[in-house]
Amino acid sequence: MPVFVGEDPDSWLFRAERYFQIHKLSDSEKMLVSTISFDGLALHWYRSQEEREKFLSWSNLKERLLVRFRSSRDGTRWDDIKEVSPN
C-alpha cells in the first residue's frame with residue numbers, strides 16, 4: 001500500500017484503489033488498510049478528524065481527504081475556495 005503524507009491525493013487514491021482491487025477488499029477493510037498508510041501531515045489530519053467526527057465509510061474518507069489535501073491548478077486549497085465562495 002502506498003504511503004500518503006498529504007501530497008498529491010489523486011495519485012495516492014488511484015494507487016490505493018488499484019491495491020484494493022487486487023486484494024478484493026471490502027469498504028471496511030479499505031478504511032483500515034488506508035489509514036495505516038498515512039504518515040506525517042496526513043496522519044495528524046486523520047487522527048484529529050477521527051476525534052471530531054468519525055469517518056462513516058470509504059467514500060466519506062475519500063471525500064474529506066480530497067477536500068483537505070487537493071489543490072487546484074493555481075495551488076489554492078479547496079477549503080480556501082469554499083471560504084471565498086458566496087454559496
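Key figures for this structure:
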{"item": "Residues of segment 33-55 satisfying the condition of being aliphatic (A, V, I, L, M), more than 11 Å from the chain's Cα centre (by Cα) and surrounded by 11 or more Cβ atoms within 10 Å (Cβ to Cβ)", "result": "Val33, Leu41"}
{"item": "Selection within segment 2-39 - on the phi > 0 side of the Ramachandran plot and in contact with a Phe, Trp or Tyr (Cβ under 7 Å, 6 or more places away or on another chain)", "result": "Gly6"}
{"item": "Qualifying residue in segment 39-47 (condition: part of a loop (DSSP other than H, G, I, E, B), charged (D, E, K, R) and touching a residue at least 24 places away in the same chain (Cβ under 8 Å))", "result": "yes"}
{"item": "Qualifying residue in segment 68-75 (condition: surrounded by fewer than 13 Cβ atoms within 10 Å (Cβ to Cβ), part of a helix (DSSP H, G or I) and at pLDDT 95 or above)", "result": "no"}
{"item": "Number of the exception - Lys30 against (1) modelled with pLDDT of 95 or more; (2) charged (D, E, K, R); (3) loosely packed, with under 15 Cβ neighbours inside 10 Å", "result": "(3)"}
{"item": "Enumeration of residues in segment 1-27 that are within 11 Å of the chain's Cα centre (by Cα) and crowded, with 17+ Cβ neighbours inside 10 Å", "result": "Phe4, Gly6, Pro9, Trp12, Leu13, Ala16"}
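The values are calculated or read from the model by the stated rules, or taken from the named source; none is laboratory data. No experiment lies behind these values; they were computed from the predicted model shown. Please note: Cβ atoms are built from the backbone with ideal geometry, for glycine as well, and neighbour counts cover all protein chains shown.
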